[in-house]
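Colleague: Here's a structure for you.
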Amino acid sequence: MSFFWPWLLLLLLLIPLIIIVYIWILNRQRKYAVQYSSLSLIREALPKRSRWRQHLPFILFLVSAASLIMAIARPAAVVQVPLNRTTIILALDVSRSMCATDVTPNRLTVAQDAALAFIKDQASETRIGIVAFAGFAEIVVPPTNDKEILIGAVENFTTSLGTAIGSATLKSIDAIAEINESVALSGVDLSSSREEDSLDIGFYQPDIIVVLTDGANSRGPQPLEAAQQAADRRVRIYTIGFGSNDPQQLVCSSEQLGSDIFGGGFGFDPGGGFGGGRGFGGGGFRRFLLLDEDTLQGMADITGGKYFRAENAEQLFDIFVDLPSEIVLQKEFLEISVFFTMFGAVFALLAAILSFRWHRHI
């Protein structure tokens, strides 16, 4: 168990002081009773049960005080996050480099198959959202548990120019913010609330972002800056770097090269053959196909997530198979002040009732 305001636990030092004062008062009462022999004899004649009755209300009062002090320190306990409370945002790269044929038939097809298998394998109540990104990012499907909509969106991906990993991360944050009121939209400055939220206790939202890409950021916000926004909101990012270091020829099917998923028309002038079923070579373009593993690792590290590397179809499928276990194992800190408050209130009330019933004639 951890505390949001642990310094307030210093108030527990008042408990021994209260005990000392209580003992001092009892001693004064005994000295006073000696002056009245008849009263002293009566008290000595009382049954032993009356003595523990004398002190039980005070003990209950101490327990109540300790519980209420712990409550104002805002205790938080680690709890397991049920899968049905987790929203998963799949941010998938649909840049033209995903048509590289180092993975048969090409990277995009394999990524689509792996994402589809992942969606189909999830429990019916699990919410999944899809963000697609190339030159910019777009929320293709807001978080939903309607698998038909999710499957249809993934099956109809087409490619475009550019790789906006940072933009995809921010869009994923916004998709989560729409359904989780504890997550602020991207762009909102949370720097002033970082200390209050106690970063050191490892609190995370139950929602996660999974970013799959085969290249390096070429447009839009910097991925690490976007990841910091996710970290500020306690949202974990799991990154997947896909593809080998030898991308080979780029070959898109006519469907993958067709009308753009974002509503059409990123113009493309390949300077070499690139079309439905045709390949594209060119050394100058090759540098955009290389995976920026350092950035992907950094995004995962900043947010408390994990980085995976897949060089072939088998490895990618294995990663998606393992993802549910990563998600199920997620834990969050849940503030439990209310339980300590209720506990303290009950004991305070009990102490007051017993004190009134047992000592009103004394």
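To keep it simple, each residue is scored yes or no on (1) part of a strand (DSSP E or B); (2) at pLDDT below 70; (3) closer than 30 Å to Pro57 by Cβ.
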site: Asp269; (1), (2), (3): no, yes, no
site: Arg286; (1), (2), (3): no, yes, no
site: Thr295; (1), (2), (3): no, no, no
site: Asp301; (1), (2), (3): no, no, no
site: Arg309; (1), (2), (3): yes, no, no
site: Leu323; (1), (2), (3): no, no, no
site: Phe339; (1), (2), (3): no, no, yes
site: Met342; (1), (2), (3): no, no, yes
site: Leu354; (1), (2), (3): no, no, yes
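Colleague: Could you list all residues from the range 1-26 that are in a helix (DSSP H, G or I), open to solvent by 70 Å² or more (accessible area, probe 1.4 Å) and either within 25 Å of Ser355 (Cβ to Cβ) or at pLDDT below 80 (or both)?
Modeller: Correct list: Leu13, Leu14, Leu17, Ile20, Val21, Ile23, Trp24, Ile25.
Colleague: Going through the range 109-131 one residue at a time, which ones are touching a residue at least 60 places away in the same chain (Cβ under 8 Å), surrounded by fewer than 19 Cβ atoms within 10 Å (Cβ to Cβ) and touching a helix residue (DSSP H, G or I) at 6+ places or on another chain (Cβ under 6 Å)?
Modeller: None; the set is empty.
Residue-wise test of (1) farther than 16 Å from Cys252 by Cβ; (2) free of Cβ contacts under 8 Å to residues at least 12 places away in the same chain; (3) touching a Cys at 6+ places or on another chain (Cβ under 6 Å).
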{"site": "Ser95", "(1), (2), (3)": "no, no, no"}
{"site": "Phe133", "(1), (2), (3)": "yes, no, no"}
{"site": "Pro143", "(1), (2), (3)": "yes, no, no"}
{"site": "Asp146", "(1), (2), (3)": "yes, yes, no"}
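Colleague: Just the residues that are in contact with a Phe, Trp or Tyr (Cβ under 8 Å, 6 or more places away or on another chain), under 15 Å from Asp292 (Cα atoms) and outside any strand (DSSP E or B), please, taken from the range 206-253.
Modeller: Within the range 206-253, Asp214, Gly215, Ala216, Ser218, Arg219 meet the criteria.
Colleague: Taking Asn106 and the conditions (1) open to solvent by less than 20 Å² (accessible area, probe 1.4 Å); (2) closer than 22 Å to Arg236 by Cα, which numbered condition does it fall short on, given that it satisfies the others?
Modeller: Condition (2) is where Asn106 drops out.
The values are calculated or read from the model by the stated rules, or taken from the named source; none is laboratory data. What you see is a predicted model; the values in this text were computed from it and never measured. Virtual Cβ from ideal backbone geometry, glycine too; neighbours counted across all protein chains shown. The accessibility values were calculated without ligands, DNA or RNA, using every heavy atom of the protein model including side chains. Shrake-Rupley method; radii C 1.70, N 1.55, O 1.52, S 1.80 Å.
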